[in-house]
1. For region 33-99 and region 166-241, what is the centre-to-centre distance using only Cα atoms, to the nearest Å?
2. What does the charge dipole of region 105-288 about its Cα centre add up to, to the nearest 20 debye, if the Cβ of each Lys and Arg holds +1 and the Cβ of each Asp and Glu holds -1?
3. Taking the chain as the reference, fit the longest principal axis to its C-alpha atoms, fit the long axis of helix 297-316 to the helix C-alpha atoms, and give the angle between the two in degrees, 0 to 90, nearest 10.
4. Specify the residue with the greatest mean-square fluctuation among Ala48, Ala265, Ala16, computed from a Gaussian network of the chain linking alpha-carbon atoms under 10 Å apart.
5. Suppose R0 equals 30 Å. What FRET efficiency, 1/(1 + (r/R0)^6) with r the Cβ-Cβ distance, do Leu143 and Glu206 give to the nearest 0.05?
6. With only alpha-carbon atoms counted, please give the Rg and Dmax of the chain, in Å.
7. In nm, to one decimal, how far is the modelled label at Ala62 from the one at Arg305, with both set 7 Å along Cα→Cβ?
8. Would you please name the trypsin sites (Lys or Arg not before Pro) within region 213-285 that are DSSP coil residues with at most 11 other C-beta atoms within 10 Å of their C-beta?
Amino acid sequence: MDSSPRIIVTRRLPEAVEHELVTRFDARLNLDDRQFTAPELSAALREADIVLCTLTDPLSRAVFLGAAPALARLLANFGVGFNHIDLAAARELGIAVTNTPGVLTEDTADHTMLMLLAAARRMSEGERELREGRWTGWRPTHLLGTRVTGKVLGIVGFGRIGQAVSLRASAGFGMKVLYHSRRPATADVERRTGAAAVGSLDELLERADFVTLHCPATPDTRHLIGEAQLRRMQRHAILVNTARGDVVDEQALVSSLRAGLLAAAALDVFEHEPAIHPELLALPNVVLVPHLGSATVESRVAMGRRALANIDAFLSGSTLPDRIA
C-alpha cells in the first residue's frame with residue numbers, strides 16, 4: 001500500500017493527536033473545526049485514502065455514492081458509536097470502518113455519576129438561582145433533593161460503561177444495582193460490579209429509583225424509552241442518558257416530566273443534537289450537558305491514538321484491531 005496515504009481529518013482533535021497525524025502522514029486537518037456538509041464529506045471520501053471522521057459526520061449511502069467511483073479505503077471513526085455511518089453501504093462499497101472502544105469507559109462512567117448526583121441534588125436549579133441573583137440565603141426547605149446512597153440503580157445496557165457505573169454506584173454509594181442487557185454478564189462480572197440481572201426492561205423500570213442508559217444506538221434501541229416505559233417508572237425516579245440521544249423519545253420525556261410521572265432527568269445526549277427540544281430547555285428539573293461524556297484530555301487523546309492504531313494496521317495490511325465493517 002502507498003507509504004504516503006492521503007488522510008483527511010473532519011474535526012479538530014487534541015493537539016498531540018493532530019501533531020502525530022501531520023508529522024507522520026501530512027494529514028489534512030480541519031483547522032476551522034467547521035462541520036463538513038454532505039458534499040464536503042463526499043469530496044473528502046473522493047480525495048482521501050483514509051478519512052478520520054467523528055460522530056458529527058452523517059456518512060450516509062448518498063454521501064458515499066456522491067464520492068464514487070473514487071472512494072476512501074478506510075473510515076477511522078473517532079468515537080465508539082457509529083450510528084452516523086451507513087455500515088451496510090460501506091461494506092458494499094469496500095470501505096473498512098473502525099471505531100475507538102474501551103478508552104473512554106472510566107471517564108464516561110464518572111460523568112454518568114456526576115449527572116445522576118446533579119439531578120438528585122438539583123444542582124442546575126441551584127446554580128441558576130445563584131447566577132441570577134435570586135438566592136436569599138440558607139433555609140431548611142430550600143431545593144430539597146433526594147438521597148443517592150442506598151437507593152436502587154437500574155442500568156440499561158451492561159457493557160464496559162454500564163459495568164463501570166455499577167462498580168461506582170455499588171462500591172461508592174452502597175446502591176443496589178439492577179441491570180437489563182441483551183447479553184447477561186458472567187457471574188464473576190456481576191460479583192465484581194455488585195449488579196444483578198432482571199428479567200425485563202419493564203421490571204427494571206418499575207423497581208429503580210434511578211435509571212441510567214448505556215446501550216448503543218441501533219434501530220432496535222430507537223425510542224427504547226418512550227411513553228409506555230416512562231409510565232412504568234416510579235414518580236420519584238430520575239432518568240440519566242449518557243448513551244445516545246435517540247434511545248429516548250424526548251417528546252414523551254417532556255410530557256412525563258410535565259405530568260409529574262418522574263422526578264427529573266439528566267441528559268448528556270439529545271435526539272436531534274445539536275438541536276435541543278425547546279421544552280427541555282424550559283424545564284427546571286432537567287440537567288442538560290452538551291455531550292461531554294468522554295470530554296477529558298486523557299480520553300480524547302486515547303481515542304485519537306486508538307484511531308491511529310487502526311490506521312497503522314490498515315496501512316501495514318494487518319488485522320484492524322477495532323473493525324466494525
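Just so it is clear, none of the values below were taken in a lab; they were calculated from the coordinates. Since this is a predicted model, take the numbers as computed values, not measurements. Neighbour counts are summed over all protein chains in view; Cβ atoms, including those assigned to glycine, are modelled from backbone coordinates with ideal geometry.
1. That distance is 33 Å.
2. Using only the charged Cβ atoms, the result is roughly 640 debye.
3. 30 degrees
4. The residue with the greatest mean-square fluctuation here is Ala16.
5. 0.60
6. 21.4, 70
7. Between Ala62 and Arg305, the simple spin-label model gives 4.0 nm.
8. Numbers: sites: Arg222, Arg231, Arg232, Arg235, Arg244, Arg258; in loops: Arg222, Arg235, Arg244.
Qualifying residues, ordered by number: Arg235.
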